[in-house]
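Read the figures in this text as sums done on the coordinates, not as results from a lab. Worth saying up front: this structure is predicted, and the values here are computed from it rather than measured. For neighbour counting, all protein chains shown are included, and Cβ atoms are generated from backbone atoms with ideal geometry for every residue, glycine included.
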Amino acid sequence: MFLKKNCNVFPTKEKIYEEAFTHSSLNKLFNYERLEFLGDAVLNSIVSEYLYKKSPQKNEGSLSQQRSIIIGRKNLNIIGKNLIPEKIIKHNLKTISKNIYGNILEALIGAIYLDSGYYKARTFVVKKILTNQQVDLKNYNYKSKILEWSQKNNKKICFINSCQKGPDHNKQYFVELYVDDIKISESWGESIKSAEQNSSEIAIKIVN
């Protein structure tokens, strides 16, 4: 009932879904871990394709950063917890941790892929994860992240607005980002703030 009503999935191989909702505390051999492994790979592929087509202006670094946020454990745990009822998880645990919900979500993707194919799995991922993210990519503060990284690693960060172009009503700003006086990224933006964010987004990928 859950799969049909909440996921728009109509199983033909019931055993696979039973496996996806079974924790190793109940059964060491028949549990979600192998499906989680498969689902992780399928999810990675779907998200990569989705971002590649959706954001043709983004470079590899930006796409990788977005993907890492979407498939990150925190995001998947929250989505899994909101989607998957506790009562359908088979286990012998005292409590179900947040990570288990994220793991089962990936296992469910693996099960859908095996049962119905890539495009059905893609439809599920787009509807339940890509359009239901708990992390807002547009408001993700890359500048804050690079500054946080600099403090942890005792590095000096400097943003330089080196030039601008265009009329007053449509001006573009060019910001360079320096780490210990070495330029590591640069980007245009519709404001100095957005240019700094764009430069920081590129920098995060480089330093990590």
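Relative to the dominant Cα principal axis of the chain, helix 98-116 is inclined by about 70°.
Just the Kirkwood number for the stretch 77-200, please: inverse of mean 1/r across all distinct Cα pairs, in Å, one decimal. Let's see the in-between values first.
On the way: mean 1/r = 0.0549 Å⁻¹.
Result for the stretch 77-200, one decimal place: 18.2 Å.
The mean sequence separation of alpha-carbon pairs under 8 Å and at least six residues apart, normalised by the residue count of the stretch 2-130, gives a relative contact order of 37 percent. Gyration tensor analysis over the Cα atoms of the stretch 78-125 returns equivalent ellipsoid semi-axes of 23, 11, 8 Å (largest first, whole Å). Size estimate for the stretch 142-207 follows the Kirkwood approach: the inverse of mean 1/r over distinct Cα pairs works out to 11.8 Å. Spin-label pair ASN208-GLU190: with each label point 7 Å from Cα along the Cα-Cβ axis, the two points sit 2.5 nm from one another. Counting every other Cβ atom within 10 Å of each residue's Cβ, SER150, SER25 order from fewest to most as SER25, SER150. Rounded to the nearest 10 degrees, the angle from helix 142-152 to the longest Cα principal axis of the chain is 90 degrees. In this simple spin-label approximation, ILE88 and VAL126 carry label points 7 Å from Cα along the Cα→Cβ vector, and these lie 2.2 nm apart. Sorted from longest to shortest, the spans of the Cα atoms of the stretch 25-97 along the three principal axes equal 48, 23, 16 Å. Give me the angle, in degrees from 0 to 90, between the Cα long axis of helix 73-83 and the longest principal axis of the Cα atoms of the chain, rounded to the nearest 10. Rounded to the nearest ten degrees, it is 50.
Between SER144 and ILE96, residue separation times 0.36 nm minus the direct Cα-Cα distance comes to 14.0 nm.
Quick check on packing: order 60-70, 96-106 by the mean number of other C-beta atoms within 10 Å, highest mean leading.
Numbers: 60-70: 17.6, 96-106: 19.9.
Ranking, from highest mean packing down: 96-106, 60-70.
Spin-label pair THR12-ASP168: with each label point 7 Å from Cα along the Cα-Cβ axis, the two points sit 6.5 nm from one another.
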